[in-house]
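The values are calculated or read from the model by the stated rules, or taken from the named source; none is laboratory data. Computed from a predicted model, the values in this text were never measured in an experiment. In this analysis, Cβ positions are derived from the backbone assuming ideal geometry, glycine residues included, and neighbour counts consider all displayed protein chains. These area figures cover heavy atoms from the full protein model, side chains too; ligands, DNA and RNA do not enter into them. Shrake-Rupley method; radii C 1.70, N 1.55, O 1.52, S 1.80 Å.
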Amino acid sequence: MDLSLFDVLLRPLVTEKSSFQNEKLGQYVFEVAPDATKTQIKEAVQSLFDVNVIQVNTLVMPAKRARKQRRMVTRTSQYKKAVVKLADGETIEMFEGVK
Amino acid sequence: MGLARAGSSPAFPICYHERGVQLKVTTNLLDNCEVQMIVELETERLDRAKGAAARRLARRVSIPGFRKGKAPYSVILQHLGEDRIVENAVDDLGQEVYKEALEKTEINPFAPGNLVDASLEKKPTFTFNVPVAPNVDLGDYRSVRLDYHPVEVEDKAVDDTMGQIQAKHAVLEPIERPSELGDVITINAYGTLNPGKENSESLADEKDIDLLLDEQSEWPMPGMTEKIVGMEIDETREFQLHFPEDYDNNDLAGKQVHWSISCTNAKSRTLPEMNDEFAALLSAEYKTLLELRVAVREQLEQAATKQKSQEYRGEIIGAILEGSNIAFPPIMLRERVNNLLREQEGALQSRGLTLLDYLKIEDKTEEEYRAEIEPDAILQLQRSLILTEIVETEGLKVDDKQVDEQIEKTSATFGDSADKIREMLSKENGRKSVELDLLTEMALERLEAIAKGEEPELPPDTERENAATIHTGSK
């Protein structure tokens, strides 16, 4: 796979669940390129945020059907999500919000 | 999995500080009866308020990825921006801090203070302006002396009034003959100013007006009587008249008017004879004409004395004002101006106008109008402050009995609706306003006595204090 560092990580996922993971479990959640591997994700996070990654779990979030108005059925596309665990005490500034 | 409770305890900046202890308050007395209160507080306090404000705001906005009210502080901050949170926090904290600072400084605010400045750099600092009670120094008001000249009613005034009463009871009878001086004719009058010229305009267009043919009459225009005397019913006369050069109304002086007068009715007017019978006819109270004359004189005297006394009181207040030093917080003046505006609005409403209409007609903005009535408001305010102070220093009091009597007296003048008025005045607010009116009257009477040199005695100190507390309690 020939992905540059910046192509691997697509965006950070900030939700109620991911906030909990940040604070309590030291885990950071990203949406990543569908064909990115765990190794690539680990390297990308380590070099972009200057932290040590202990573990990377990935999963493909399934596409979901949703209804707009009454009849219109739309789909949300599937995407790949990565949960990255950092070494104890390390944080990623971006997730902590603007201080 | 524990993740089910994800986000149940978001990371808000929480500081466990004892509340209200770390305030640093400095106060400056400003000239205009306001205290400037500068309150410096711990940064943690502001952070806590920001947290609370953010939590409150978060309950109202939906942030993607979070249920309402569940987003952590950092996310809310990103989403709403710091300014909005700080604004909310300052609103809240300002009130809280204001209360605490007042407690700490033991300032007794006269009206709600306002936050004039909030600086949040380094140490959060709030600046409040707190209005305090007006400061009234009457000076040596007890040495004010003004000459009082009792009013005298001249015989001529009594004669005039008697004449009016006589005229009111005149008997009118239709006539067939041409009208004479002393008759009353009903006319339709049409007057054109500057007839036949470019600037001619209608001066009067009146229908069915009763006119007494009297040589002295200057209405509708001097010289009119001469021209219309002798008119008969259904007769029309056209003539020209000039306003005299020294006429009161400058716009009309020296102008020419073309009149077209038609007579629709004519009556003779017979004045009743002025004798004891006439007096008895007017009211059972009078047996002779002399008694009527005495009563008229008394009435005139009363009215004149009342007016004179009002003028006199105005002069006294003016004299006291000169020697006194009165300071009041700006909010009092603002309130007074508002009151005047409201009164004005009420008066306009009865003519079917709103204040906005009026301002448009006068071509003024509200600010201009406010500035215009401000001097009046200041005068009113000073007057009421002086009177309040007089009530206190002179130890004037009214008791419940006096209030009851006054309520009875006032409501009795309303005739049919007396019960309604009595009920209204007997309520707490009504009683208070009656009490205040009585006190004002007493204060004015006292001032009059002082200015006339009667030197009424001051009450002993203890009584004075009691009176003062009663009075301030009723504000």
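Out of B:Asp147, B:Asp160, B:Asp205, one residue alone is free of Cβ contacts under 8 Å to residues at least 24 places away in the same chain and either in a strand (DSSP E or B) or at positive phi (or both). It is B:Asp205. For A:Glu43, the criteria (1) away from chain B (no Cβ under 14 Å); (2) under 10 Å from A:Ala82 (Cα atoms); (3) in contact with a Leu (Cβ under 9 Å, 6 or more places away or on another chain) hold in every case but one, which is (2).
Kindly indicate whether any position in the range A:82-99 is within 14 Å of another protein chain (Cβ to nearest Cβ), of a type in the set (A, V, I, L, M), in contact with a helix residue (DSSP H, G or I) (Cβ under 6 Å, 6 or more places away or on another chain) and open to solvent by less than 80 Å² (accessible area, probe 1.4 Å). The answer is yes, given that some residue of the range A:82-99 is within 14 Å of another protein chain (Cβ to nearest Cβ), of a type in the set (A, V, I, L, M), in contact with a helix residue (DSSP H, G or I) (Cβ under 6 Å, 6 or more places away or on another chain) and open to solvent by less than 80 Å² (accessible area, probe 1.4 Å). The number of residues in the range A:1-20 being open to solvent by 60 Å² or more (accessible area, probe 1.4 Å) and either outside any strand (DSSP E or B) or within 14 Å of chain B (Cβ to nearest Cβ) (or both) comes to 8. Residues of the range A:21-35 that are touching a strand residue (DSSP E or B) at 6+ places or on another chain (Cβ under 9 Å), surrounded by 15 or more Cβ atoms within 10 Å (Cβ to Cβ) and either assigned to a loop (DSSP other than H, G, I, E, B) or free of Cβ contacts under 8 Å to residues at least 40 places away in the same chain (or both): A:Gly26, A:Ala33. Using the structure shown, decide if A:Gln46 is assigned to a helix (DSSP H, G or I), crowded, with 19+ Cβ neighbours inside 10 Å and modelled with pLDDT under 95. When the stated conditions are applied, A:Gln46 does not pass them. Taking the criterion of being among the charged types (D, E, K, R) and in contact with a Lys or Arg (Cβ under 7 Å, 6 or more places away or on another chain), the residues of the range A:12-35 that qualify are A:Glu16, A:Glu31. Of the candidates B:Val116, B:Val97, B:Val86, the single residue that is under 30 Å from A:Val14 (Cα atoms) and not small (Gly, Ala, Ser) is B:Val86.
Quick grid of which residues meet (1) away from chain A (no Cβ under 14 Å); (2) touching a residue at least 60 places away in the same chain (Cβ under 8 Å):
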{"position": "B:Val75", "(1), (2)": "no, no"}
{"position": "B:Gly81", "(1), (2)": "no, no"}
{"position": "B:Pro109", "(1), (2)": "yes, no"}
{"position": "B:Asp117", "(1), (2)": "yes, no"}
{"position": "B:Tyr141", "(1), (2)": "yes, yes"}
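Could you check, for the range A:50-62, whether at least one of its residues is more than 14 Å from chain B (Cβ to nearest Cβ), outside any helix (DSSP H, G or I) and without any contact (Cβ under 8 Å) to a residue 24 or more places away in the chain? Yes; the residues of the range A:50-62 include at least one that is more than 14 Å from chain B (Cβ to nearest Cβ), outside any helix (DSSP H, G or I) and without any contact (Cβ under 8 Å) to a residue 24 or more places away in the chain. In the range B:36-72, how many are farther than 30 Å from B:Glu103 by Cβ and in a helix (DSSP H, G or I)? Here the count works out to 1.
Just so you know, in the range A:68-81 the residues that are in contact (Cβ under 8 Å) with a residue 12 or more places away in the chain and open to solvent by less than 60 Å² (accessible area, probe 1.4 Å) include one that is nearest to the chain's Cα centre (by Cα), and it is A:Lys81. Look at (1) surrounded by 14 or more Cβ atoms within 10 Å (Cβ to Cβ); (2) within 14 Å of chain A (Cβ to nearest Cβ); (3) modelled with pLDDT under 85 and you find that B:Lys104 fails only one, number (2). A residue that is of a type outside the set (Val, Ile, Thr) and in a helix (DSSP H, G or I) can be found somewhere in the range B:265-276. Filtering the range B:350-363 for residues that are open to solvent by less than 50 Å² (accessible area, probe 1.4 Å), closer than 29 Å to B:Leu425 by Cβ and not basic (Lys, Arg) leaves an empty set.
Yes/no matrix, rows are residues, columns are (1) touching a helix residue (DSSP H, G or I) at 6+ places or on another chain (Cβ under 9 Å); (2) surrounded by 12 or more Cβ atoms within 10 Å (Cβ to Cβ):
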position	(1), (2)
B:Pro109	yes, yes
B:Lys123	yes, yes
B:Asp140	yes, no
B:Val153	yes, yes
B:Ile187	yes, yes
B:Tyr190	no, yes
B:Asp210	no, no
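Kindly provide the set of residues from the range B:331-343 that are over 21 Å from B:Asn135 (Cα atoms) and either β-branched (Val, Ile, Thr) or open to solvent by 50 Å² or more (accessible area, probe 1.4 Å) (or both), ordered by number. Of everything in the range B:331-343, those that are over 21 Å from B:Asn135 (Cα atoms) and either β-branched (Val, Ile, Thr) or open to solvent by 50 Å² or more (accessible area, probe 1.4 Å) (or both) turn out to be B:Asn339, B:Arg342, B:Glu343. Checking B:Glu273, B:Glu291, B:Glu315, B:Glu245 one by one, the residue that is closer than 30 Å to B:Glu232 by Cβ and of a type in the set (Asp, Glu) is B:Glu273 and no other. Take A:Arg65 and tell me if it is open to solvent by 80 Å² or more (accessible area, probe 1.4 Å), assigned to a strand (DSSP E or B), farther than 26 Å from B:Gln78 by Cα and among the charged types (D, E, K, R). Yes; evaluated as a whole, the condition is true for this residue.
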